[in-house]
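Heads up: the structure comes next, in C-alpha coordinates.
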Amino acid sequence: MKYIALIYAAENAGPQYGTDEFDQMIGEYGSITERYEKDGVLLGGDALQDVNTATTISVRNGKTETIDGPFAETKEQLGGYYLFECENLDQALKYAAMIPSAKYGRVEVRPIMEY
Amino acid sequence: MKALNTIIKDHWGGIVALLSNYIQDLDLAEDAMQDALESALIHWQKSGIPNHPQAWLFTTAKHKALDKIRRAQNFANKQQQYQLLLDLNLKPETQEQDYSIPDERLRLIFTCCHPALDPSVAVALTLRLLGGLSTEEIAKSFLLKTKTMAQRIVRGKKKIKFAGIPYKIPEKEDFSQRLDVVLTVLYLIFNEGYAASGGDKPIRQGLCDEAIRLTQILFKLCPQQAEVKGLLALMLLHDSRKKSRYNHKGEFVPMEQQDRKLWNKKQIEQGIQLTQSALKQKQLGSYQLQAAISAIHAEAKDHKSTNWLEVVLIYDKLLSIKSSDVIRLNRLAALSQIKPVQELIEPVNQLESSLKKYQPFYAVKADFLNKIGEVKKAKFYYQKAIDLCENEGLKGFLIDKLQKL
(Lines give C-alpha, C1' and ligand atoms only; values in the text may rest on other atoms or scores of the structure.)
Protein backbone atom coordinates (compact mmCIF):
# COMPACT_ATOMS: atom_id res chain seq x y z
CA MET A 1 0.00 0.00 0.00
CA LYS A 2 1.04 3.59 -0.58
CA TYR A 3 1.13 5.98 2.34
CA ILE A 4 1.94 9.66 2.61
CA ALA A 5 3.58 11.03 5.75
CA LEU A 6 2.71 14.72 6.11
CA ILE A 7 5.13 16.56 8.34
CA TYR A 8 3.67 19.38 10.45
CA ALA A 9 5.47 21.66 12.87
CA ALA A 10 5.18 25.13 14.33
CA GLU A 11 7.65 27.42 12.65
CA ASN A 12 9.52 28.33 15.79
CA ALA A 13 9.57 24.75 17.10
CA GLY A 14 12.64 22.56 16.82
CA PRO A 15 16.19 23.52 15.80
CA GLN A 16 16.55 26.89 14.08
CA TYR A 17 18.48 27.49 10.87
CA GLY A 18 22.16 28.31 11.43
CA THR A 19 22.56 26.30 14.66
CA ASP A 20 24.50 23.05 15.18
CA GLU A 21 21.24 21.34 16.13
CA PHE A 22 19.80 22.32 12.77
CA ASP A 23 22.75 20.81 10.91
CA GLN A 24 22.40 17.68 12.96
CA MET A 25 18.72 17.44 12.05
CA ILE A 26 19.52 17.81 8.36
CA GLY A 27 22.04 15.01 8.81
CA GLU A 28 19.32 12.85 10.40
CA TYR A 29 17.00 13.57 7.47
CA GLY A 30 19.80 12.44 5.16
CA SER A 31 20.31 9.16 6.96
CA ILE A 32 16.61 8.25 7.23
CA THR A 33 16.15 8.97 3.53
CA GLU A 34 19.04 6.58 2.83
CA ARG A 35 17.46 4.02 5.12
CA TYR A 36 14.09 4.32 3.31
CA GLU A 37 15.85 3.81 -0.02
CA LYS A 38 17.79 0.84 1.25
CA ASP A 39 14.61 -0.77 2.63
CA GLY A 40 12.89 -0.16 -0.70
CA VAL A 41 9.96 1.79 0.74
CA LEU A 42 10.69 5.28 -0.60
CA LEU A 43 8.53 6.56 -3.47
CA GLY A 44 9.29 10.24 -2.93
CA GLY A 45 9.58 13.07 -0.50
CA ASP A 46 10.31 16.77 -0.33
CA ALA A 47 10.65 19.65 2.04
CA LEU A 48 8.45 22.67 1.35
CA GLN A 49 9.47 26.32 1.34
CA ASP A 50 8.46 28.44 4.27
CA VAL A 51 4.71 28.93 4.89
CA ASN A 52 5.15 32.66 4.09
CA THR A 53 5.56 31.60 0.45
CA ALA A 54 2.15 29.89 0.34
CA THR A 55 -0.66 31.13 -1.88
CA THR A 56 -4.17 29.74 -1.55
CA ILE A 57 -6.70 29.91 -4.36
CA SER A 58 -10.35 28.99 -4.67
CA VAL A 59 -12.59 29.10 -7.73
CA ARG A 60 -16.21 30.17 -7.22
CA ASN A 61 -18.58 30.87 -10.09
CA GLY A 62 -15.65 30.66 -12.45
CA LYS A 63 -13.79 33.36 -10.61
CA THR A 64 -10.43 32.65 -9.02
CA GLU A 65 -9.85 34.14 -5.62
CA THR A 66 -6.28 34.34 -4.48
CA ILE A 67 -5.17 34.69 -0.88
CA ASP A 68 -1.68 35.32 0.37
CA GLY A 69 -0.95 32.63 2.94
CA PRO A 70 -1.80 29.02 3.83
CA PHE A 71 -5.28 27.49 3.78
CA ALA A 72 -5.53 27.06 7.53
CA GLU A 73 -4.20 29.58 10.02
CA THR A 74 -2.98 26.98 12.47
CA LYS A 75 0.13 27.07 14.56
CA GLU A 76 1.49 23.91 12.99
CA GLN A 77 2.14 24.08 9.27
CA LEU A 78 2.83 21.50 6.61
CA GLY A 79 6.59 21.53 6.08
CA GLY A 80 7.24 18.47 3.94
CA TYR A 81 6.23 14.91 3.13
CA TYR A 82 7.42 11.42 2.36
CA LEU A 83 5.65 8.96 0.11
CA PHE A 84 6.10 5.31 1.11
CA GLU A 85 5.27 1.93 -0.34
CA CYS A 86 4.62 -0.28 2.70
CA GLU A 87 3.06 -3.63 3.52
CA ASN A 88 0.67 -2.22 6.09
CA LEU A 89 -0.02 0.66 8.47
CA ASP A 90 2.31 -0.72 11.14
CA GLN A 91 5.25 -0.55 8.77
CA ALA A 92 4.29 2.94 7.58
CA LEU A 93 4.00 4.18 11.17
CA LYS A 94 7.38 2.68 12.02
CA TYR A 95 9.05 4.60 9.16
CA ALA A 96 7.11 7.78 9.94
CA ALA A 97 8.31 7.66 13.54
CA MET A 98 11.90 7.96 12.29
CA ILE A 99 11.25 11.44 10.84
CA PRO A 100 13.28 13.91 12.95
CA SER A 101 10.53 16.56 13.01
CA ALA A 102 8.22 14.08 14.80
CA LYS A 103 10.23 14.87 17.95
CA TYR A 104 8.86 18.43 18.12
CA GLY A 105 6.08 18.49 15.50
CA ARG A 106 3.61 15.89 14.25
CA VAL A 107 3.47 13.49 11.34
CA GLU A 108 0.10 12.56 9.86
CA VAL A 109 0.09 9.25 8.03
CA ARG A 110 -2.60 8.72 5.38
CA PRO A 111 -3.11 5.87 2.94
CA ILE A 112 -3.21 6.87 -0.72
CA MET A 113 -6.43 5.97 -2.48
CA GLU A 114 -5.87 3.33 -5.13
CA TYR A 115 -8.26 2.74 -8.01
CA MET B 1 -32.42 -20.55 24.63
CA LYS B 2 -29.80 -19.00 26.91
CA ALA B 3 -27.54 -22.04 26.46
CA LEU B 4 -27.64 -21.50 22.73
CA ASN B 5 -26.61 -17.87 23.00
CA THR B 6 -23.74 -18.78 25.31
CA ILE B 7 -22.49 -21.42 22.88
CA ILE B 8 -22.62 -19.01 20.00
CA LYS B 9 -20.82 -16.30 21.98
CA ASP B 10 -18.13 -18.74 23.07
CA HIS B 11 -17.31 -19.64 19.49
CA TRP B 12 -18.02 -16.34 17.76
CA GLY B 13 -14.62 -14.67 18.21
CA GLY B 14 -12.66 -17.76 17.20
CA ILE B 15 -14.56 -18.25 13.96
CA VAL B 16 -14.55 -14.57 12.98
CA ALA B 17 -10.79 -14.49 13.68
CA LEU B 18 -10.11 -17.59 11.58
CA LEU B 19 -12.26 -16.47 8.65
CA SER B 20 -10.92 -12.92 8.60
CA ASN B 21 -7.39 -14.22 8.71
CA TYR B 22 -8.03 -16.29 5.59
CA ILE B 23 -10.06 -13.83 3.56
CA GLN B 24 -8.49 -10.63 4.99
CA ASP B 25 -11.91 -9.05 5.23
CA LEU B 26 -13.47 -8.36 8.62
CA ASP B 27 -16.77 -7.23 7.19
CA LEU B 28 -17.30 -10.39 5.22
CA ALA B 29 -16.21 -12.57 8.13
CA GLU B 30 -18.62 -10.81 10.47
CA ASP B 31 -21.52 -10.95 8.01
CA ALA B 32 -20.93 -14.64 7.35
CA MET B 33 -20.86 -15.35 11.08
CA GLN B 34 -24.05 -13.36 11.59
CA ASP B 35 -25.77 -15.47 8.91
CA ALA B 36 -24.43 -18.65 10.48
CA LEU B 37 -25.86 -17.54 13.81
CA GLU B 38 -29.28 -16.98 12.28
CA SER B 39 -29.17 -20.46 10.72
CA ALA B 40 -28.10 -21.92 14.05
CA LEU B 41 -31.04 -20.32 15.85
CA ILE B 42 -33.45 -21.90 13.36
CA HIS B 43 -31.84 -25.33 13.08
CA TRP B 44 -30.79 -25.85 16.66
CA GLN B 45 -34.17 -24.92 18.02
CA LYS B 46 -35.73 -27.52 15.72
CA SER B 47 -33.28 -30.37 16.00
CA GLY B 48 -31.24 -29.63 19.09
CA ILE B 49 -27.68 -28.43 19.59
CA PRO B 50 -25.26 -30.47 17.47
CA ASN B 51 -22.48 -32.54 19.05
CA HIS B 52 -19.81 -30.22 17.75
CA PRO B 53 -21.37 -26.76 17.68
CA GLN B 54 -18.07 -25.09 16.84
CA ALA B 55 -17.56 -27.24 13.75
CA TRP B 56 -21.20 -26.70 12.77
CA LEU B 57 -20.90 -22.93 13.11
CA PHE B 58 -17.57 -22.82 11.32
CA THR B 59 -18.74 -24.90 8.35
CA THR B 60 -21.93 -22.89 8.05
CA ALA B 61 -20.10 -19.55 8.29
CA LYS B 62 -17.62 -20.71 5.66
CA HIS B 63 -20.43 -21.64 3.26
CA LYS B 64 -22.15 -18.33 3.94
CA ALA B 65 -18.92 -16.52 3.13
CA LEU B 66 -18.45 -18.53 -0.10
CA ASP B 67 -22.03 -17.68 -1.06
CA LYS B 68 -21.45 -14.02 -0.44
CA ILE B 69 -18.26 -13.94 -2.48
CA ARG B 70 -19.91 -15.80 -5.36
CA ARG B 71 -22.78 -13.34 -5.41
CA ALA B 72 -20.57 -10.28 -5.14
CA GLN B 73 -20.49 -8.00 -8.19
CA ASN B 74 -16.72 -8.05 -8.34
CA PHE B 75 -16.49 -11.82 -8.11
CA ALA B 76 -13.66 -11.87 -10.64
CA ASN B 77 -11.44 -9.94 -8.20
CA LYS B 78 -12.25 -12.32 -5.41
CA GLN B 79 -11.18 -15.63 -6.93
CA GLN B 80 -8.23 -15.85 -4.62
CA GLN B 81 -10.32 -15.22 -1.52
CA TYR B 82 -12.76 -17.85 -2.77
CA GLN B 83 -10.05 -20.45 -3.30
CA LEU B 84 -8.51 -19.77 0.12
CA LEU B 85 -11.85 -20.38 1.75
CA LEU B 86 -12.47 -23.56 -0.25
CA ASP B 87 -9.14 -24.90 0.94
CA LEU B 88 -9.91 -24.10 4.56
CA ASN B 89 -11.09 -27.36 6.03
CA LEU B 90 -11.41 -28.66 9.51
CA LYS B 91 -9.68 -31.90 10.34
CA PRO B 92 -10.98 -34.27 12.98
CA GLU B 93 -8.37 -34.26 15.75
CA THR B 94 -9.29 -37.29 17.78
CA GLN B 95 -11.21 -40.49 17.33
CA GLU B 96 -14.30 -38.91 18.84
CA GLN B 97 -14.24 -36.58 15.85
CA ASP B 98 -13.61 -33.63 18.07
CA TYR B 99 -13.00 -30.79 15.72
CA SER B 100 -10.68 -28.02 16.65
CA ILE B 101 -9.91 -24.85 14.76
CA PRO B 102 -6.61 -23.01 14.92
CA ASP B 103 -6.86 -20.16 17.40
CA GLU B 104 -6.39 -16.90 15.52
CA ARG B 105 -8.07 -14.73 18.14
CA LEU B 106 -4.88 -13.06 19.30
CA ARG B 107 -4.41 -11.53 15.85
CA LEU B 108 -7.97 -10.25 15.92
CA ILE B 109 -7.51 -8.81 19.43
CA PHE B 110 -4.46 -6.85 18.26
CA THR B 111 -6.33 -5.67 15.17
CA CYS B 112 -9.39 -4.48 17.11
CA CYS B 113 -7.22 -2.80 19.75
CA HIS B 114 -4.78 -1.16 17.35
CA PRO B 115 -3.40 2.17 18.62
CA ALA B 116 -4.46 3.80 15.33
CA LEU B 117 -8.11 3.28 16.38
CA ASP B 118 -9.84 5.61 18.81
CA PRO B 119 -10.37 3.80 22.15
CA SER B 120 -14.17 4.09 21.84
CA VAL B 121 -13.96 2.45 18.41
CA ALA B 122 -11.61 -0.27 19.70
CA VAL B 123 -14.02 -1.02 22.55
CA ALA B 124 -16.94 -1.39 20.14
CA LEU B 125 -15.01 -3.57 17.66
CA THR B 126 -13.67 -5.82 20.42
CA LEU B 127 -17.13 -6.41 21.86
CA ARG B 128 -18.67 -7.02 18.44
CA LEU B 129 -16.01 -9.08 16.65
CA LEU B 130 -14.44 -10.95 19.56
CA GLY B 131 -17.20 -10.89 22.12
CA GLY B 132 -19.97 -11.65 19.65
CA LEU B 133 -22.27 -9.05 21.22
CA SER B 134 -24.86 -7.62 18.88
CA THR B 135 -24.63 -3.96 17.94
CA GLU B 136 -27.89 -3.35 19.87
CA GLU B 137 -26.44 -4.95 23.00
CA ILE B 138 -23.28 -2.84 22.80
CA ALA B 139 -25.25 0.34 22.17
CA LYS B 140 -27.45 -0.41 25.16
CA SER B 141 -24.45 -1.04 27.40
CA PHE B 142 -23.01 2.35 26.51
CA LEU B 143 -26.39 4.14 26.58
CA LEU B 144 -26.09 5.07 22.92
CA LYS B 145 -28.47 4.71 20.04
CA THR B 146 -28.02 1.53 18.00
CA LYS B 147 -27.49 3.68 14.94
CA THR B 148 -24.64 5.61 16.59
CA MET B 149 -22.95 2.40 17.68
CA ALA B 150 -23.45 0.84 14.24
CA GLN B 151 -21.77 3.85 12.65
CA ARG B 152 -18.88 3.59 15.08
CA ILE B 153 -18.34 -0.08 14.21
CA VAL B 154 -18.55 0.62 10.48
CA ARG B 155 -16.06 3.46 10.84
CA GLY B 156 -13.64 1.16 12.68
CA LYS B 157 -13.86 -1.61 10.11
CA LYS B 158 -13.40 0.93 7.33
CA LYS B 159 -10.29 2.34 8.94
CA ILE B 160 -8.84 -1.17 9.40
CA LYS B 161 -9.47 -1.92 5.74
CA PHE B 162 -8.46 1.34 4.07
CA ALA B 163 -5.59 2.37 6.34
CA GLY B 164 -4.09 -1.11 6.09
CA ILE B 165 -4.16 -2.09 9.77
CA PRO B 166 -2.76 -5.63 9.60
CA TYR B 167 -4.22 -8.85 11.03
CA LYS B 168 -1.04 -9.60 12.82
CA ILE B 169 0.48 -10.30 16.19
CA PRO B 170 2.98 -7.46 16.71
CA GLU B 171 6.72 -8.10 16.43
CA LYS B 172 8.62 -8.86 19.59
CA GLU B 173 9.98 -5.31 19.96
CA ASP B 174 6.49 -3.76 19.80
CA PHE B 175 4.65 -6.52 21.65
CA SER B 176 4.52 -5.14 25.17
CA GLN B 177 3.61 -1.62 24.05
CA ARG B 178 0.81 -3.01 21.88
CA LEU B 179 -0.34 -5.34 24.66
CA ASP B 180 -0.75 -2.26 26.88
CA VAL B 181 -3.25 -0.85 24.39
CA VAL B 182 -5.21 -4.13 24.44
CA LEU B 183 -5.26 -4.12 28.24
CA THR B 184 -6.44 -0.50 28.30
CA VAL B 185 -9.36 -1.37 26.01
CA LEU B 186 -10.36 -4.36 28.14
CA TYR B 187 -10.12 -2.27 31.31
CA LEU B 188 -12.26 0.46 29.72
CA ILE B 189 -14.96 -2.14 29.04
CA PHE B 190 -14.77 -3.39 32.63
CA ASN B 191 -14.84 0.08 34.14
CA GLU B 192 -17.81 1.21 32.11
CA GLY B 193 -19.64 -1.74 33.65
CA TYR B 194 -18.24 -1.40 37.16
CA ALA B 195 -18.63 2.35 37.55
CA ALA B 196 -21.45 2.94 35.13
CA SER B 197 -21.81 6.53 34.06
CA GLY B 198 -25.44 7.52 33.61
CA GLY B 199 -28.35 5.13 33.26
CA ASP B 200 -30.53 3.70 35.97
CA LYS B 201 -28.25 0.84 37.03
CA PRO B 202 -25.11 1.63 39.08
CA ILE B 203 -23.34 -1.48 37.78
CA ARG B 204 -23.78 -2.87 34.28
CA GLN B 205 -22.84 -6.43 35.08
CA GLY B 206 -23.00 -7.60 31.46
CA LEU B 207 -20.03 -5.42 30.57
CA CYS B 208 -18.04 -6.59 33.61
CA ASP B 209 -18.72 -10.23 32.75
CA GLU B 210 -17.78 -9.65 29.13
CA ALA B 211 -14.54 -7.86 30.05
CA ILE B 212 -13.59 -10.71 32.38
CA ARG B 213 -14.41 -13.31 29.72
CA LEU B 214 -12.31 -11.49 27.09
CA THR B 215 -9.41 -11.05 29.52
CA GLN B 216 -9.59 -14.75 30.35
CA ILE B 217 -9.28 -15.48 26.63
CA LEU B 218 -6.27 -13.16 26.42
CA PHE B 219 -4.74 -14.87 29.47
CA LYS B 220 -5.18 -18.25 27.80
CA LEU B 221 -3.46 -16.90 24.67
CA CYS B 222 -0.55 -15.21 26.49
CA PRO B 223 -0.21 -16.99 29.84
CA GLN B 224 3.31 -15.65 30.42
CA GLN B 225 2.43 -11.95 30.47
CA ALA B 226 2.44 -10.66 34.04
CA GLU B 227 0.26 -7.64 33.26
CA VAL B 228 -2.44 -9.81 31.67
CA LYS B 229 -2.55 -11.82 34.89
CA GLY B 230 -2.58 -8.54 36.81
CA LEU B 231 -5.53 -7.13 34.90
CA LEU B 232 -7.52 -10.36 35.19
CA ALA B 233 -6.80 -10.43 38.93
CA LEU B 234 -7.83 -6.79 39.31
CA MET B 235 -11.13 -7.38 37.51
CA LEU B 236 -11.91 -10.52 39.54
CA LEU B 237 -11.12 -8.79 42.84
CA HIS B 238 -13.25 -5.76 41.99
CA ASP B 239 -16.04 -7.94 40.69
CA SER B 240 -16.00 -10.06 43.87
CA ARG B 241 -17.56 -7.10 45.74
CA LYS B 242 -20.43 -6.49 43.35
CA LYS B 243 -23.14 -7.77 45.74
CA SER B 244 -22.12 -5.43 48.55
CA ARG B 245 -21.28 -2.21 46.68
CA TYR B 246 -24.89 -1.09 46.36
CA ASN B 247 -27.74 -1.70 48.78
CA HIS B 248 -31.22 -2.91 47.81
CA LYS B 249 -32.23 0.69 47.06
CA GLY B 250 -29.37 0.98 44.58
CA GLU B 251 -27.36 3.32 46.81
CA PHE B 252 -23.60 3.11 46.94
CA VAL B 253 -22.06 1.47 50.01
CA PRO B 254 -18.43 2.47 50.71
CA MET B 255 -15.99 -0.33 51.37
CA GLU B 256 -15.82 0.34 55.11
CA GLN B 257 -19.54 -0.36 55.42
CA GLN B 258 -19.77 -3.28 53.02
CA ASP B 259 -20.91 -6.67 54.27
CA ARG B 260 -17.80 -8.72 53.61
CA LYS B 261 -19.78 -11.96 53.83
CA LEU B 262 -21.26 -11.01 50.46
CA TRP B 263 -17.87 -10.90 48.77
CA ASN B 264 -17.34 -13.73 46.28
CA LYS B 265 -14.72 -15.99 47.85
CA LYS B 266 -13.98 -17.93 44.70
CA GLN B 267 -13.19 -14.78 42.74
CA ILE B 268 -11.06 -13.46 45.62
CA GLU B 269 -9.11 -16.71 45.75
CA GLN B 270 -8.49 -16.65 41.99
CA GLY B 271 -7.60 -12.97 42.07
CA ILE B 272 -5.08 -13.37 44.88
CA GLN B 273 -3.51 -16.41 43.26
CA LEU B 274 -3.12 -14.59 39.95
CA THR B 275 -1.69 -11.50 41.66
CA GLN B 276 0.91 -13.54 43.51
CA SER B 277 1.88 -15.44 40.42
CA ALA B 278 2.22 -12.18 38.44
CA LEU B 279 4.31 -10.43 41.10
CA LYS B 280 6.66 -13.42 41.24
CA GLN B 281 7.58 -12.82 37.61
CA LYS B 282 9.25 -9.53 38.57
CA GLN B 283 7.84 -7.66 35.59
CA LEU B 284 6.06 -5.02 37.63
CA GLY B 285 3.19 -3.18 36.04
CA SER B 286 0.33 -0.98 37.13
CA TYR B 287 -2.42 -3.61 36.87
CA GLN B 288 -0.53 -6.07 39.07
CA LEU B 289 0.05 -3.38 41.70
CA GLN B 290 -3.57 -2.24 41.66
CA ALA B 291 -4.58 -5.89 41.98
CA ALA B 292 -2.19 -6.23 44.93
CA ILE B 293 -3.91 -3.31 46.68
CA SER B 294 -7.31 -4.83 45.98
CA ALA B 295 -6.03 -8.17 47.32
CA ILE B 296 -4.99 -6.56 50.62
CA HIS B 297 -8.54 -5.25 51.05
CA ALA B 298 -9.93 -8.66 50.15
CA GLU B 299 -7.75 -10.39 52.72
CA ALA B 300 -8.59 -8.04 55.61
CA LYS B 301 -11.12 -9.30 58.17
CA ASP B 302 -12.70 -5.87 58.37
CA HIS B 303 -11.97 -2.32 57.25
CA LYS B 304 -10.07 -1.42 60.42
CA SER B 305 -7.65 -4.33 60.26
CA THR B 306 -6.64 -3.57 56.66
CA ASN B 307 -2.87 -3.37 56.31
CA TRP B 308 -2.90 0.32 55.39
CA LEU B 309 0.84 0.73 55.56
CA GLU B 310 1.27 -1.93 52.89
CA VAL B 311 -1.43 -0.27 50.79
CA VAL B 312 0.42 3.06 50.99
CA LEU B 313 3.74 1.39 50.09
CA ILE B 314 2.21 -0.22 47.01
CA TYR B 315 0.80 3.17 45.98
CA ASP B 316 4.36 4.53 46.25
CA LYS B 317 5.58 1.73 43.99
CA LEU B 318 2.72 2.43 41.58
CA LEU B 319 3.67 6.12 41.47
CA SER B 320 7.27 5.20 40.68
CA ILE B 321 6.18 3.51 37.43
CA LYS B 322 3.22 5.73 36.56
CA SER B 323 2.95 9.31 37.72
CA SER B 324 -0.73 10.18 38.22
CA ASP B 325 -2.60 12.55 40.48
CA VAL B 326 -5.50 10.10 40.74
CA ILE B 327 -3.09 7.57 42.25
CA ARG B 328 -1.73 10.30 44.56
CA LEU B 329 -5.28 11.00 45.73
CA ASN B 330 -5.95 7.32 46.45
CA ARG B 331 -2.65 7.12 48.30
CA LEU B 332 -3.64 10.06 50.51
CA ALA B 333 -7.01 8.47 51.22
CA ALA B 334 -5.22 5.29 52.38
CA LEU B 335 -2.68 7.33 54.34
CA SER B 336 -5.50 9.09 56.21
CA GLN B 337 -6.26 5.75 57.91
CA ILE B 338 -2.90 5.78 59.68
CA LYS B 339 -1.83 9.43 59.80
CA PRO B 340 -3.43 12.54 61.31
CA VAL B 341 -5.71 13.98 58.63
CA GLN B 342 -4.57 17.50 59.52
CA GLU B 343 -1.22 16.75 57.87
CA LEU B 344 -2.85 15.63 54.64
CA ILE B 345 -4.92 18.74 53.87
CA GLU B 346 -2.02 20.54 52.21
CA PRO B 347 -1.00 17.57 49.97
CA VAL B 348 -4.65 17.14 48.91
CA ASN B 349 -4.95 20.83 48.05
CA GLN B 350 -1.94 20.48 45.76
CA LEU B 351 -3.91 18.05 43.58
CA GLU B 352 -6.87 20.39 43.09
CA SER B 353 -5.73 22.09 39.90
CA SER B 354 -5.28 18.85 37.99
CA LEU B 355 -8.29 17.01 39.48
CA LYS B 356 -10.84 19.82 39.47
CA LYS B 357 -13.20 17.82 37.25
CA TYR B 358 -12.74 14.58 39.15
CA GLN B 359 -15.62 13.85 41.49
CA PRO B 360 -13.71 11.57 43.92
CA PHE B 361 -11.26 14.41 44.57
CA TYR B 362 -13.97 16.57 46.12
CA ALA B 363 -15.43 13.63 48.02
CA VAL B 364 -12.01 12.91 49.59
CA LYS B 365 -11.34 16.58 50.31
CA ALA B 366 -14.77 17.00 51.91
CA ASP B 367 -14.20 13.89 53.98
CA PHE B 368 -10.84 15.17 55.23
CA LEU B 369 -12.28 18.61 56.09
CA ASN B 370 -15.15 17.01 57.96
CA LYS B 371 -12.73 14.88 59.99
CA ILE B 372 -10.84 17.96 61.18
CA GLY B 373 -14.07 19.73 62.09
CA GLU B 374 -14.30 22.14 59.13
CA VAL B 375 -17.93 21.22 58.52
CA LYS B 376 -18.89 24.29 56.55
CA LYS B 377 -16.11 23.80 54.04
CA ALA B 378 -16.81 20.06 53.93
CA LYS B 379 -20.41 20.79 52.91
CA PHE B 380 -19.22 23.01 50.09
CA TYR B 381 -16.95 20.29 48.67
CA TYR B 382 -19.53 17.52 49.04
CA GLN B 383 -21.83 19.67 46.92
CA LYS B 384 -19.10 19.99 44.29
CA ALA B 385 -18.68 16.20 44.28
CA ILE B 386 -22.45 15.76 43.89
CA ASP B 387 -22.54 18.17 40.95
CA LEU B 388 -19.85 16.21 39.16
CA CYS B 389 -21.26 12.75 39.89
CA GLU B 390 -22.74 10.79 36.97
CA ASN B 391 -23.57 7.59 38.80
CA GLU B 392 -27.02 7.81 40.44
CA GLY B 393 -26.29 5.35 43.25
CA LEU B 394 -23.13 7.18 44.21
CA LYS B 395 -24.88 10.54 43.98
CA GLY B 396 -27.50 9.36 46.49
CA PHE B 397 -24.73 8.30 48.85
CA LEU B 398 -22.99 11.68 48.61
CA ILE B 399 -26.25 13.59 49.15
CA ASP B 400 -26.92 11.45 52.20
CA LYS B 401 -23.45 12.26 53.58
CA LEU B 402 -23.99 15.97 53.00
CA GLN B 403 -27.36 15.93 54.73
CA LYS B 404 -25.99 14.10 57.77
CA LEU B 405 -23.29 16.72 58.40
Q | Computed over chain B, Kirkwood Rh from alpha-carbon pairs, angstrom | A | 23.5 Å
**Q.** Value of relative contact order over chain A, rounded to a whole percent, pairs C-alpha under 8 Å and six or more apart
**A.** 50 percent
Q. When the helices in chain B are scored as -39500 (n - 2.57) per DSSP H run of 4 or longer and the sum is shared across all residues, what 222 nm value do you end up with, to the nearest 500 deg cm²/dmol?
A. -21000 deg cm²/dmol
Q) Hey, what's region B:279-382 come to in accessible area per residue, 1.4 Å probe, Å²? A) 54 Å²
(Q) From the protein chains alone at 1.4 Å, what is the descending order of accessible area for B:R71, A:R60, A:R35, B:R260, largest first? (A) B:R71, A:R60, A:R35, B:R260
**Q.** Computed over chain B: relative contact order in percent, which uses C-alpha pairs under 8 Å that are six or more apart
**A.** 11 percent
Q | Net charge of neighbours whose Cβ lies under 15 Å from the Cβ of B:K229, counting Lys and Arg as +1 and Asp and Glu as -1 | A | 0
Q: Working from Cα positions, state the angle (0 to 90°, nearest 10) between the long axis of helix B:375-388 and the longest principal axis of chain B.
A: 10 degrees
Q) What is the extension gain from B:E171 to B:H303, computed as 0.36 nm multiplied by their sequence separation minus the C-alpha to C-alpha distance, in nm to one decimal? A) 43.0 nm
**Q.** Sequence-separation-based contact order of region B:257-405, relative, with Cα cut under 8 Å and 6+ spacing, percent
**A.** 13 percent
Q.
I need the shape label for region B:143-251. Rule: rounded when a/c is under 1.5, else prolate if a/b > b/c, else oblate, with a, b, c from the alpha carbon gyration tensor.
A. oblate
(Q) Below 11 angstrom from the Cβ of B:L388, what's the summed charge of the other residues (Lys, Arg +1; Asp, Glu -1)? (A) +2
**Q.** For region B:352-370 versus region B:140-182, the gap between their alpha-carbon centres in whole angstrom
**A.** 35 Å
Q | Within a Gaussian network of chain B (alpha carbon springs, distance under 10 Å), most fluctuating of B:E104, B:E227, B:E374 | A | B:E374
Q) Under a GNM of chain B (C-alpha, springs under 10 Å), which listed residue has the highest mean-square fluctuation: B:L335, B:L179, B:L274? A) B:L335
Q. Say we join alpha carbon atoms closer than 10 Å with springs in a Gaussian network model of chain B; which of B:Q350, B:Q205, B:Q24 then has the biggest fluctuation?
A. B:Q350
Q) In degrees between 0 and 90, to the nearest 10, how far off the longest principal axis of chain B does helix B:308-321 point, with axes built from Cα atoms? A) 60 degrees
Q: Would you kindly compute the Cα radius of gyration of the protein assembly as shown and its largest Cα-Cα separation (Dmax), both in Å?
A: 27.5, 81
Q: Indicate the gyration tensor shape class of region A:2-111 (rounded, prolate or oblate), computed on the Cα atoms with a ≥ b ≥ c the square roots of the eigenvalues: a/c under 1.5 is rounded; otherwise a/b larger than b/c is prolate and the rest oblate.
A: oblate
Q.
Am I reading the B/A interface right? What is its buried accessible area, both sides, 1.4 Å probe, to the nearest 100 Å²?
A. 600 Å²
Q. For B:L129, what charge total do you get from the other residues with a beta carbon under 9 Å from its beta carbon, if Lys and Arg give +1 and Asp and Glu give -1?
A. +1
Q. So what's the angle, to the nearest 10 degrees on a 0 to 90 scale, between helix B:53-71 and the longest Cα principal axis of chain B?
A. 60 degrees
Q: Could you look at region B:2-98 and say what percent of its accessible area is carbon and sulfur, using a 1.4 Å probe and all protein chains?
A: 46 percent
Q: Please say if region B:205-308 is rounded, prolate or oblate, where rounded means a/c under 1.5 for a ≥ b ≥ c the square roots of the C-alpha gyration tensor eigenvalues, and otherwise the choice is prolate for a/b larger than b/c and oblate otherwise?
A: oblate
Q.
If you split all Cα-Cα distances of region B:316-405 into 5 Å bins from zero, what percentages do you get per bin, shortest first?
A. 3, 14, 26, 23, 21, 9, 4, 1
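The values are calculated or read from the model by the stated rules, or taken from the named source; none is laboratory data. Just so it is clear, the model here is predicted, and its values are computed rather than measured. Reconstructed Cβ throughout: ideal geometry from the backbone, glycine too, with neighbour counts over all protein chains shown. Only protein heavy atoms, including side chains, enter the accessible area calculation; ligands, DNA and RNA are left aside. Shrake-Rupley method; radii C 1.70, N 1.55, O 1.52, S 1.80 Å.
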